[in-house]
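Single-structure report; data block below.
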Amino acid sequence: MKIKYFQDSDTLYIELRVTDVAETRDLDENTIVDLDHEGQICAITFEHASQRTDIPDFSFEQVAA
């Protein structure tokens, strides 16, 4: 999984897994979802991310099963 924030365009890109994108759907005017050939989400893009998310407070925690 990769998370990229592009400050110049205020865009947050979350790649859940590396695979070929078969379809891209607009959820709303500022949210885009990429789907694979099976209809599974492989990436999400958020435009105007600093207004819609807590980018400065991002943290990552892996919890043991």
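When the residues of region 41-65 are filtered to those that are touching a strand residue (DSSP E or B) at 6+ places or on another chain (Cβ under 9 Å) and among the hydroxyl-bearing types (S, T, Y), which remaining residue is farthest from T19 (Cα to Cα)? Can you show your working first?
Within region 41-65, the subset touching a strand residue (DSSP E or B) at 6+ places or on another chain (Cβ under 9 Å) is 41-50, 52-53, 55, 58, 60.
Now restrict to residues that are among the hydroxyl-bearing types (S, T, Y): 45, 50, 53.
Values: T45: 16, S50: 27, T53: 25 Å.
My answer is S50.
Return the total of residues in region 1-20 being over 20 Å from F58 (Cβ atoms) and surrounded by 12 or more Cβ atoms within 10 Å (Cβ to Cβ). Show your work before the answer.
Just the residues of region 1-20 that are over 20 Å from F58 (Cβ atoms), to begin with: 18-20.
When the remaining residues are screened for being surrounded by 12 or more Cβ atoms within 10 Å (Cβ to Cβ), the result is 19.
So the count comes out to 1.
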- Message: Based on this model, can you work out whether T11 counts as of a type in the set (S, T, Y) and within 13 Å of the chain's Cα centre (by Cα)?
- Response: yes
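Could you list, in sequence order, all residues of region 24-39 that are assigned to a loop (DSSP other than H, G, I, E, B) and exposed (fewer than 12 other Cβ atoms within 10 Å of the Cβ)? Before the answer, list the steps.
First, the residues of region 24-39 that are assigned to a loop (DSSP other than H, G, I, E, B): 29-30, 36-39.
Passing the criteria: E29, H37, E38, G39.
Can you tell me how many residues within region 40-65 are outside any strand (DSSP E or B), in contact with a helix residue (DSSP H, G or I) (Cβ under 9 Å, 6 or more places away or on another chain) and not β-branched (V, I, T)? Before the answer, list the steps.
Within region 40-65, the subset outside any strand (DSSP E or B) is 40, 48-65.
Still in the list and also in contact with a helix residue (DSSP H, G or I) (Cβ under 9 Å, 6 or more places away or on another chain): 49-50, 55-56.
If we keep only those that are not β-branched (V, I, T) too, we end up with 49-50, 56.
Of the residues in that region, 3 qualify.
Here, each number is a calculation from the coordinates, and none is a lab measurement. Every value quoted in this text rests on a predicted model; they were computed, and no experiment measured them. Using ideal geometry, Cβ is built from the backbone for each residue, glycine included, and neighbour counts are taken over all protein chains shown.
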